[in-house]
């Protein structure tokens, strides 16, 4: 039987789950209760993985599984030899840092790898789905709970099967899957008509509350029945919890280091829309015009989406039809990591006589994602431009005859870049999408123009020969994938 990718089960593209997972920091804990509840939204942790380099190796394997749909069998096959080599396998004696007690503990095992794999993939996809739910709730205002039987069956979850509630019903803040170890439940977004057809909406069920004491911290909480205490936190809090983790780390520093860190802290990390940034955007826009769109129009689009994005920290777009020279519409989903394509733009993307140009901002100042490039595969899609909040600009244009290869070519290039980055132990954070797009351009799949910020350029300049090798390997992977 073919096992479906979790991205398919949760009804979203892998990028949303990857985005959630990659924003996490690291946190070391001896016991699973040491890194607790919402801290997991900001931190990657594996109980008893007490060295940062070991934690990085496990995280890299999980990252690959989320991004590329790696099966558990391959995940275990690739990761186990590395853990055995590092001595993190089987039972060993370790001292509990909290109590000082030396005890025999379980390190790596097939069962633990299964828990690591399932929990991280399912929570990442669930958090990614929550972003999509918020972005589309105007059209899909209801959610239906869908229970899937598992090895660890919970009668409460079975009782919630088919429950339909509005997206913003408070019940979802405590019950949106995944809410238990081994849980395979999910939610299905519904239109108003679909909800009515299924007999909804319903009344939120009352929750029986049970007291739970975290024996590591002494903290007492009231937890709804059917919810495992470790999973008792609301969806969508990743940014807030990342900021809290950073603040807690800074607060624990000695005074002199804390003062230095606070001066450099990204607590106000969003740039202000200064005259200097405006001028930089104007100067960098030469590469993003063309295809019938006047330079002045493209510059104004860049200034608009970046200005709005800096103001509310969300993504915004302006779509144009270069065939007619007219603006189609402006839109924002109100979230940081994604902006949905509005209806008029979708109509023209499917019109072979249109030449749709989409300008949007990327708050993190990364290059174009696979989801961005997918727009070029539509008959009317011609150019997609991402404007970074640091003044960078990334532009991809259609090459006639190659649009049908974009999705497969991008997947092949991304897998090659991730693999080589691990092989050469080189940093790709912030430039991974850029490396993929350079490979796509070199392979003749897209036309790619860009202007990098000084920060991204410094990363590329740090290891130019290695990055060029990575791009070459990605080009070879693309060629193999799209060869007749």
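A short reminder: the numbers here are calculations on the coordinates, not readings from a lab. From a predicted model like this one, the values you see are computed outputs, not experimental measurements. Virtual Cβ from ideal backbone geometry, glycine too; neighbours counted across all protein chains shown.
So, how do all the Cα-to-Cα distances of the range 275-482 break down into 5 Å bins, in percent, from 0 on up?
With 5 Å bins starting at 0, P(r) equals 1, 8, 16, 19, 20, 17, 11, 6, 1, 0.
So if each residue of separation counts as 0.36 nm, and I subtract the Cα-Cα distance between residue 86 and residue 483, what length gain in nm does that give?
Using 0.36 nm per residue and subtracting the Cα-Cα distance, I get 138.9 nm.
By its C-alpha gyration tensor, with a ≥ b ≥ c as the square roots of the eigenvalues, how is the range 321-375 shaped: rounded for a/c under 1.5, else prolate for a/b larger than b/c, else oblate?
Working: a/c = 2.03, a/b = 1.74, b/c = 1.17.
Verdict is prolate for the range 321-375.
Please report the spacing between the Cα centers of the range 152-207 and the range 44-85 in Å, no decimals.
32 Å
Show me 355-363, 114-122 ranked by packing, highest mean number of other Cβ atoms within 10 Å first.
355-363, 114-122
Pull out a ≥ b ≥ c, the square roots of the eigenvalues of the alpha-carbon gyration tensor of the range 406-448, then state rounded if a/c is under 1.5, prolate if not and a/b is larger than b/c, and oblate in the remaining case.
Numbers: a/c = 2.49, a/b = 1.75, b/c = 1.42.
Prolate is the answer for the range 406-448, as a/c is 1.5 or above and a/b outweighs b/c.
Over the range 275-482, what relative contact order in percent results from Cα pairs under 8 Å that are six or more residues apart?
The value is 18 percent.
Could the peptides 176-182, 379-385 be put in order, highest first, of the mean number of other beta-carbon atoms found within 10 Å of their residues?
Values: 176-182: 20.3, 379-385: 24.1.
In decreasing order of mean packing, 176-182, 379-385 become 379-385, 176-182.
In nm, give the distance between the simple-model label positions of residue 168 and residue 31, each being 7 Å from the Cα along the Cα-to-Cβ direction.
4.1 nm
Using a 10 Å cut-off on Cβ atoms, rank the peptides 433-439, 69-75 from the highest mean neighbour count down.
Descending packing order for the listed peptides: 433-439, 69-75.
What whole number of Å gives the distance from the Cα centroid of the range 393-407 to the Cα centroid of the range 96-137?
The distance from the Cα centre of the range 96-137 to that of the range 393-407 comes to 37 Å.
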